[in-house]
Amino acid sequence: MRRWLPILLWLPLLAGGCVTHKLWTESQMDEWNEPAGDPNLRLFRAEQQNDLLVVYDEYSERHEAIQPRAFFLYQNEARLQPRGHPHFVDLDAARGLPPVPLFFPTPTNPPELYGIITQTNCGNFAVVSAGRRTGPYVLPVYADGWGRVEKIAWTPFAVTADVTIVGGVLGCLWIYSGGPGLNR
């Protein structure tokens with residue numbers, strides 16, 4: 001039994017590694033917010049801001065719920081890059097704004113300003129104004145940011161587990177080596 005003891009002592013460290021390291025490098029605690037299966041996309045002309053207000057339904061994995069969201073398209077173009085999210089505004093911002101018609105596919109007799117849904121139920125769209133098309137734009141898909149908070153909350157427990165494992169291994173090695181003060 002004594003010759004197998006070193007292997008048994010090192011097994012927890014070799015098999016599992018550092019709990020804190022795994023928490024911060026391998027765990028995925030973030031949940032995602034993304035357009036709902038049917039995002040119910042609506043566009044509104046915000047002439048005072050020289051922008052378009054985008055209103056859509058967003059699904060939250062963490063809350064397993066759908067909620068309406070709104071943001072100004074042109075003000076948030078840079079923030080809409082992959083995995084980013086726009087600065088959301090209150091839904092009341094749409095009150096009194098004229099709606100922008102959305103089509104799928106392109107209409108034969110288009111109005112001056114309209115949107116084209118480029119992929120059904122995905123939240124991809126383009127905007128056409130005076131014959132000039134911009135986009136495609138993609139509704140935001142982003143991590144909700146709570147994963148980092150959860151990792152911070154779990155860190156003291158992970159550090160405690162690491163210290164316990166290392167202390168246990170060192171204690172067993174001390175006992176195995178017949179450390180000072182032990183009776184043989």
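What to note about this one:
- Cross-chain or 6+ apart pairs with Cβ under 8 Å, the stretch 41-70 first and under 15 Å from Pro86 (Cβ atoms) and assigned by TED's automatic domain parsing to the domain that holds Val127, then modelled with pLDDT under 90 and of a type in the set (Phe, Trp, Tyr): Leu41/Phe125; Leu43/Phe125; Val54/Tyr137
- Filter pass, Val127 being of a type in the set (Val, Ile, Thr) and outside any loop (DSSP other than H, G, I, E, B): yes
- Flag for Arg69 being outside any helix (DSSP H, G or I), over 21 Å from Val128 (Cα atoms) and over 14 Å from the mean Cα position of the chain (by Cα): yes
- Only a single item in (1) modelled with pLDDT of 80 or more; (2) more than 23 Å from Trp32 (Cα to Cα) is not met by Ile116, and it is number (1).
- The number of residues in the stretch 79-119 being of a type in the set (Ser, Thr, Tyr) and closer than 15 Å to Arg42 by Cβ comes to 1.
- In the condition set (1) in a loop (DSSP other than H, G, I, E, B); (2) among the small types (Gly, Ala, Ser); (3) modelled with pLDDT of 85 or more, Gly84 is compliant with all but (3).
- Filtered residue count, the stretch 1-37, keeping only those that are within 19 Å of His85 (Cα to Cα) and either of a type in the set (Gly, Ala, Ser) or at pLDDT 85 or above (or both): 4
- Residues satisfying the stated conditions in the stretch 49-100, i.e. hydroxyl-bearing (Ser, Thr, Tyr) and either closer than 16 Å to Pro136 by Cα or surrounded by 16 or more Cβ atoms within 10 Å (Cβ to Cβ) (or both): Tyr56, Tyr59, Tyr74
- Just so you know, in the stretch 121-143 the residues that are under 17 Å from Asp38 (Cα atoms) and in contact with an Asp or Glu (Cβ under 9 Å, 6 or more places away or on another chain) include one that is surrounded by the fewest Cβ atoms within 10 Å (Cβ to Cβ), and it is Asn121.
- Taken together, the residues in the stretch 87-113 that are at pLDDT 85 or above and not in a strand (DSSP E or B) amount to 13.
The values are calculated or read from the model by the stated rules, or taken from the named source; none is laboratory data. This is a predicted model, so every value here is computed, not measured. Counting neighbours? That spans all protein chains shown, and the Cβs are built from the backbone with ideal geometry, glycine included.
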